[in-house]
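Encoded as structure tokens, the structure appears first; notes follow it.
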Amino acid sequence: MSDGGSGPAADPLLSETVRDILQERIIRGQYAQGSRVKEASLAKELGVSRVPLRAAIPQLRVRGLVRTLPRRGAVVFRWTPDAVNNLFDARLAIEVAAAGYAARRVGRGGGSTDSLVDAVRRSRQAVENGDPYDIAVASTLIHQRIVELAGNDLLSSAMHAVEGQLAWIFFLTSARDARLACAEHDELCDAIGSGSVELTRALAYAHIESGRAPTLTVMYGAAPASDGDAGWTERSGGTAAVR
């Protein structure tokens, strides 16, 4: 297969497969945070040409797993406390609104919770099986389904931009109680199904925000700033070790 600019376009299915393999390897820590994405070595490693890689890497960039830096090209995203806070802030803006709209839509008979209920069931199964990556992906799917149920294309597009980082954070904090998260997902799903907008928004906010402090603590040994605001101090002096 030609790698030149005039060569054939990438097979979409192959590019998606390559993207998913690279996403899993990044999240599992097989590629270090901040390391360069080297097309030649990755193509050899995966047994593909550079064509599907060049289609997959922008998709990883959209998901927040890869960044493009001047004079370095594509590199694996590096977590910092600010980046964690940015993700949680974005989630509050996207997911709380989407959860309320989803409840309103269901309450008016315009949407079904079937796909959400199925995602919750799959998440429980993943927890039973015990693989941290599968648990992280299954939990992310629940949040994606809630946003999709809102029926707002702009919110769905915004969610796509954070879903890769969301799965990564869930993986990095896999030592937290997954069963508690499952119970909260059940409660949120029931609230959406009941059509109760304000209850759903409150539960979504609490579910997301309650994870901020434990996430920072797990990743950085962080503690609240002395003035009691949302700022955090980093004790570890570096990025979290990827497990």
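A few notes on this one:
- In segment 15-107, the chymotrypsin sites (Phe, Trp or Tyr not before Pro) that fall in loop regions by DSSP, at most 11 other Cβ within 10 Å: none
- Sum of side-chain charges, Gly151 neighbourhood, beta-carbon under 10 Å (Lys, Arg +1; Asp, Glu -1): 0
- Probing with 1.4 Å while keeping every protein chain in the model, the per residue accessible area of segment 145-206 equals 46 Å².
- Relative contact order (%) - segment 41-177, alpha-carbon pairs under 8 angstrom, separation at least six: 28 percent
- Helix-only [θ]222 nm of the chain, DSSP H runs n ≥ 4, -39500 (n - 2.57) each, per residue, nearest 500: -19500 deg cm²/dmol
- DSSP-loop trypsin sites (Lys or Arg not before Pro) across segment 19-127, with at most 16 other Cβ within 10 angstrom: Arg28, Lys38, Arg71, Arg72, Arg78, Arg108
- Sorted from greatest to least, the principal axis extents spanned by the alpha carbons of the chain come out as 55, 47, 34 Å.
- When you filter the chymotrypsin sites (Phe, Trp or Tyr not before Pro) in segment 150-189 for DSSP loop state and at most 14 other Cβ atoms inside 10 Å of their Cβ, nothing is left.
The values are calculated or read from the model by the stated rules, or taken from the named source; none is laboratory data. Keep in mind it's a predicted model, so treat the numbers as computed, not measured. Because the Cβ atoms are built from the backbone with ideal geometry, glycine has one as well, and the counts that use them run over all protein chains shown. Just the protein is used for accessible areas: all its heavy atoms, side chains included, with ligands, DNA and RNA removed. Shrake-Rupley method; radii C 1.70, N 1.55, O 1.52, S 1.80 Å.
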